[in-house]
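So the structure is just underneath, and the comments pick up after that.
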Amino acid sequence: MNKNLCKVSSQPIISCHDFGKQPLGNGFLNKEEFDKEYFFDMAIGFSKESLLLQLLEQPENSEMFHEEYAFFSSTSEGMKKHFKKFSDDIFNSKYFNNDDNFVVELGCNDGILIDNFAKKNIRHLGIEPSLNVADVARGKGINVISKFFEKKLASEIISKYGKANIFMAANVMCHIPSLNDVIEGIKLLLKPNGVIIFEDPYLGDVITKKSYDQFYDEHVFIFSALAIQKLFEKFNLELINLEPQLTHGGSMRYYLAHKGFYEKSENVDKIINQELNLGLNKEITFRKFSDDVKKSRNDLIKLLKSLKKEGKTIAGYAATSKSTTILNYCGIGPDLIDYITDTTPIKQNKFSPGMHIPIVDYEYFKNNPPDYAFLFAWNHSKEIMEKEKDFMHSGGKFLTHVPEVRIL
Ligand code: TYD
């Protein structure tokens, strides 16, 4: 793949910001693996043709999604509630009203969303190439196929199960570089009255919150509605609704269908206009974003160094993939952050990708509370603030970098 061309339009990309060498966002590792750690050059660029903001280079799929994939969707109570509501929204929608529903989820992970359909005995299929998380879903009784989705797989699914009326994905479409082939497959799989419903971190929020940590190896695109509308239009699929979400620090849910089948909600033009006002179709917006990101890095390093100088202890709260970008881009290692606490067993007792900060369990955080905790899971701040009242009452403070670097 030519890194100077858009992955979707094959037209030249305008390079906008360079994050330098980055490891895998979820590449938590043991000491013995330090010397063979994988790095790639992470930079983002904008295509005037497709309007997609994208990584110029991305590691191979097999480097990122495999039998030891470290991200389990069900690690947050907030996300469980969100996906329960997501499924309720579908049950209560006009798209879900026939007796022969067949629901397909792309990238079902541990089943956090599709489980709500399986539990109701609705015909369903999860597609999840990362074997370990797929096995957790299977353990819940979910029907899962462990392959990467492409047009060929769509034909196999149709011959075995027939076409789908709901094709859904959450935080998955933005992982896929070969969107043209995948969308062709989705279109093939979709019944004439079928609907594609997916959500991903939203470019409008990334720009306004300066949340550059949404870029890491897996997130090859951060979408705008403008780009999604343009992309699916090529396949005669129409954007029929948009619903902003609070998850992942600001996401967008996209509804698409075969052209002309459903009426378009007025939300579509409303949000598209907001995006035009924000300049999400203009190179200059991403140049300005690059300046904001550089400033954020300088402010963060300055704050952490000054706290350290005062003799304060600083820990990271949650070993998110996002934190990998912050730590490596800002060059923050164990000299500034003593440890990162995380509730996911597969991450614990390992080291953070690239900067090699120790990852410890939650008990360790409870027993060794730092003076400051950097909120790497800032997108779960409500849930975490609720949980950490004791930490804060005993003088502990949180740090964040969104939308500005500050002590909370
Ligand atoms: P998320 O923002 O979904 O991560 P990513 O950037 O990888 O998409 O956060 C999930 C991670 O945060 C997961 O490793 C578990 C951890 N976490 C905690 O350790 N404690 C918590 O209270 C929460 C909400 C998450």
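The values are calculated or read from the model by the stated rules, or taken from the named source; none is laboratory data. A quick note: this is a predicted structure, and the numbers were derived from the prediction, not measured. Using ideal geometry, Cβ is built from the backbone for each residue, glycine included, and neighbour counts are taken over all protein chains shown. These accessible areas exclude ligands, DNA and RNA; they are computed on the full protein's heavy atoms, side chains included. Shrake-Rupley method; radii C 1.70, N 1.55, O 1.52, S 1.80 Å.
Let me spell out the model: positive unit charges on the Cβ of Lys and Arg, negative unit charges on the Cβ of Asp and Glu, origin at the Cα centre of segment 156-291. What dipole size does that give, in debye rounded to 20?
Numbers: 15 positive and 18 negative charges, 52 e Å.
Result for segment 156-291 is approximately 240 debye, rounded to the nearest 20.
Assuming 0.36 nm per residue, please report the length gained on full extension of the stretch Asp135 to Glu266 beyond their Cα-Cα distance.
Details: separation 131, 0.36 × 131 = 47.16 nm, distance 4.07 nm.
Between Asp135 and Glu266, full extension yields an extra 43.1 nm.
Which value, in Å² and to the nearest 10, is the accessible area of Asp18 when all protein chains are kept and the probe is 1.4 Å?
100 Å²
If a helix is a whole DSSP H run, which ones in the chain reach 24 Å or further along their own axis (Cα) and hold a mean Kyte-Doolittle hydropathy of at least -1.0? Intermediate values should be presented prior to the final figure.
On the way: long enough: 283-309 (40 Å, -0.85).
Qualifying helices, which must be both long enough and hydrophobic enough, are 283-309.
Spin-label point model (7 Å from Cα, Cβ direction): what's the Lys31 to Tyr161 distance in nm?
Here the modelled spin labels are 4.6 nm apart.
Where does each of 349-355, 135-141 land if you order them by average Cβ count within 10 Å, highest first? Each step should come with its number before you reach the end.
Values: 349-355: 22.3, 135-141: 15.9.
Packing proxy ranking, top to bottom: 349-355, 135-141.
Which one of Thr75, Ile326, Leu399 is farthest out on the positive end of the charge dipole of the chain, using unit charges on Cβ (Lys, Arg +1; Asp, Glu -1) and the Cα centre as origin?
Most positive-ward Cα: Leu399.
Please compute P(r) over all alpha-carbon pairs of the chain, binned at 20 Å starting from zero, and give each bin as a whole-number percent.
Histogram of Cα-Cα distances, whole percents per bin: 27, 58, 15, 0.
Which one, Ala70, Ala225, Ala118, has the greatest fluctuation when you compute a Gaussian network model over the chain with C-alpha springs under 10 angstrom?
Ala118
Run lengths n ≥ 4 of DSSP H only: what is the helix-derived mean residue ellipticity at 222 nm for the chain, with -39500 (n - 2.57) per run over all residues, to the nearest 500? Numbers along the way, then the final one.
Values: 14 runs with 138 residues, N = 408.
-10000 deg cm²/dmol, from helical runs alone.
Just need the Rg to Rh number for segment 369-408, please, alpha carbons only, Kirkwood Rh. It would help to have the intermediate numbers written out before the result.
On the way: Rg = 9.6 Å, Rh = 10.2 Å.
Answer for segment 369-408: 0.94.
Would you mind pulling out the separation of the Cα centroids of segment 181-256 and segment 317-346, in Å?
With segment 181-256 and segment 317-346 each reduced to a Cα centre, they are spaced 28 Å.
With the chain treated as a Gaussian network of Cα nodes joined by springs under 10 Å, which of Asn171, Asn298, Asn26 yields the largest mean-square fluctuation?
Asn298
Between Lys85 and Ser306, what length comes free when the chain is fully extended (0.36 nm per residue of separation minus the Cα-Cα distance, one decimal in nm)?
Numbers: separation 221, 0.36 × 221 = 79.56 nm, distance 4.31 nm.
Gain in length upon complete extension: 75.3 nm.
Would you kindly find the accessible area of Ile196, with a 1.4 Å probe and non-protein molecules such as ligands, DNA and RNA excluded, rounding to the nearest 10 Å²?
Here the accessible area works out near 0 Å².
If I model a spin label at Glu363 and Asp335 as a point 7 Å from the Cα along the Cα→Cβ vector, what separation in nanometres do I get?
3.3 nm
About its Cα centre, how strong a charge dipole does segment 291-397 have in debye, to the nearest 20, once Lys and Arg get +1 and Asp and Glu get -1 at the Cβ? Walk me through the numbers on the way to the answer.
Numbers: 16 positive and 14 negative charges, 61 e Å.
That gives a dipole near 300 debye.
Report the residue, chosen from Lys387, Lys151, Lys347, that carries the largest GNM mean-square fluctuation when the chain is represented by alpha-carbon nodes joined by springs under 10 Å.
Highest fluctuation of the listed residues: Lys387.
DSSP beta bridges in the chain, what fraction antiparallel, as a percent rounded to 5?
Antiparallel bridges make up about 50 percent of those DSSP assigns within the chain.
How many Å² of accessible area per residue for the chain, probe 1.4 Å? Don't skip to the answer; put the middle values down first.
Values: 17020 Å² over 408 residues.
Heavy-atom accessible area per residue stands at 42 Å².
Based on Cβ point charges of +1 for Lys and Arg and -1 for Asp and Glu, what charge dipole magnitude is obtained for the chain about its Cα centre, in debye rounded to the nearest 20? If you can, show how the numbers build up before the last one.
On the way: 51 positive and 55 negative charges, 134 e Å.
Dipole magnitude for the chain comes out near 640 debye.
Using a 1.4 Å probe on the protein heavy atoms, what percent of the accessible area of the chain belongs to carbon and sulfur?
Details: 8530 of 17020 Å².
Carbon and sulfur: 50 percent of the exposed surface of the chain.
Would you mind pulling out the separation of the Cα centroids of segment 361-408 and segment 130-171, in Å?
Result: 37 Å between the Cα centres.
What does the convex hull of the Cα atoms come to per residue for segment 1-72, in Å³? Intermediate values should be presented prior to the final figure.
Details: hull volume 7.9 nm³, N = 72.
So the per-residue Cα hull volume is 110 Å³.
So for the chain, taking the charge dipole from beta-carbon charges (+1 Lys/Arg, -1 Asp/Glu), which of Phe28, Ile337, Ile90 sits furthest toward the positive end?
Farthest along the dipole direction, towards plus: Ile90.
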